[in-house]
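To start, the structure itself, in structure tokens.
The values are calculated or read from the model by the stated rules, or taken from the named source; none is laboratory data. Since this is a predicted model, take the numbers as computed values, not measurements. Ideal geometry is used to build each Cβ from the backbone, glycine not excepted, and the neighbour counts take in all protein chains shown.
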Amino acid sequence: MEKSNIEKLIIIGSGPAGLTAAIYASRGGLDPQVIAGREAGGQLMLTTDVDDFPGFPEGIQGPELMDNMRKQAERFNTRFVNEDVLSVDLKSRPFVIKTETQNLLAQSVIVATGASAMWLGLESETRLRGKGVSACAVCDGFFFKGKNVIVIGGGDTAMREVNYLSKLCNKVIVVHRRDSLKAQLALQELVKSKPNVEFMWNTEVNEFIGQDKITGVMLKNTQNKEISQLDIDGVFVAIGHKPNTDFLKGQIDLDEKGYIVVKDETKTSVKGVFSAGDVSDFHYRQGVTAAGAGCKATFDAEEYLEKL
């Protein structure tokens, strides 16, 4: 392992939060280093058309947006390490971030590693992501206006997706493997009151049908094991998200689901360590809110460094 000089600021993550933090930090003279990860760019790399990020009246492809943000950060001389973080030591000063090939030292850290949508794990699901299979109704729901879609799941995440889609789609069918929902009662009552929402209980999806786009799903009844096919225009997988915080366990305060606990928007339980984006925000989960959080985290890190 090679030990680098002590950095003023290291940003872990290269989605909208991490790259916005990098742009502000590099323009502010903090000379940040970004540990981008092997799968750089965050969840927007899995999104095709992005129509709700301000500044793009004709929309933009998710990967193109992230490439533009990275180039903007590089324009101000942000340095990138295209490796994953293996572990961190936030109990010593300076902080130690261990990547695949080196130990990096930092006076301050912004964690912007995001959260990953949980998927069913089917090959056909992976193949059709961005082709009618989505994990974000707010991101992609508009493309299914007036169409018929299904939402897979029965928790809070699923019911929020259903509520949003019910305002756009002709019909929303909830496919749930049990005979009752796990979501909080208020959300259950809300979606059950929608005239265009239907429920398929004790049912799970075991195959996604389509070549260039989704055309239907194969369903299996969990009780009688019967197989059926349902033609559909879109599928939203809503079985939850998992924050990318495994490398932080024991180093920083996390909640019961693994999200970073923050106060004053970006400050974590460790002074000098800040959080931005979906890694601590389980409510909004949007590219634009993540970008805003990245800006805030940089300002907070800058203020912290000035006081050292």
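A compact table of results
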quantity: Residue that is surrounded by the fewest Cβ atoms within 10 Å (Cβ to Cβ) [pool: residues in the range 258-267 that are outside any strand (DSSP E or B) and in contact with a strand residue (DSSP E or B) (Cβ under 7 Å, 6 or more places away or on another chain)]; calculated: Val261
quantity: Residue within the range 209-232 that is assigned to a loop (DSSP other than H, G, I, E, B) and either outside the structural domain of Leu168 (by TED's automatic domain parsing) or of a type in the set (A, V, I, L, M) (or both) present; calculated: yes
quantity: Residue check for Thr101: out of contact with any Cys (no Cβ under 7 Å at 6 or more places or on another chain), farther than 16 Å from Glu39 by Cα, among the hydroxyl-bearing types (Ser, Thr, Tyr) and surrounded by fewer than 15 Cβ atoms within 10 Å (Cβ to Cβ); calculated: yes
quantity: From the options Val175, Val111, residue that is outside the structural domain of Gly41 (by TED's automatic domain parsing) and surrounded by 19 or more Cβ atoms within 10 Å (Cβ to Cβ); calculated: Val175
quantity: Number of the condition not met by Asp212 [criteria: (1) under 22 Å from Gln61 (Cβ atoms); (2) in contact with a strand residue (DSSP E or B) (Cβ under 9 Å, 6 or more places away or on another chain)]; calculated: (2)
quantity: Matching residues in the range 282-308 - criterion: being within 24 Å of Gly55 (Cβ to Cβ) and either of a type in the set (A, V, I, L, M, F, W, C) or in contact with a Phe, Trp or Tyr (Cβ under 8 Å, 6 or more places away or on another chain) (or both); calculated: Gly287, Val288, Ala290, Ala291, Ala293, Gly294, Cys295, Ala297, Thr298, Phe299
quantity: Cross-chain or 6+ apart pairs with Cβ under 6 Å, the range 50-75 first and assigned by TED's automatic domain parsing to the domain that holds Val138 and closer than 14 Å to Gly18 by Cβ, then at pLDDT below 95 and part of a loop (DSSP other than H, G, I, E, B); calculated: none
quantity: All positions within the range 45-81 that are within 30 Å of Leu105 (Cβ to Cβ) and either at pLDDT below 95 or in contact with a Phe, Trp or Tyr (Cβ under 7 Å, 6 or more places away or on another chain) (or both); calculated: Met45
quantity: Any chance Ile252 is in a loop (DSSP other than H, G, I, E, B), touching a residue at least 12 places away in the same chain (Cβ under 8 Å) and surrounded by fewer than 19 Cβ atoms within 10 Å (Cβ to Cβ); calculated: no
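Listed here are the residues, each with its yes/no results for (1) assigned to a loop (DSSP other than H, G, I, E, B); (2) touching a strand residue (DSSP E or B) at 6+ places or on another chain (Cβ under 6 Å); (3) surrounded by fewer than 22 Cβ atoms within 10 Å (Cβ to Cβ).
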residue	(1), (2), (3)
Ile6	no, yes, yes
Leu19	no, no, no
Ala22	no, yes, no
Val34	no, yes, no
Gly37	yes, no, no
Met45	no, no, yes
Phe56	yes, no, yes
Met66	no, no, no
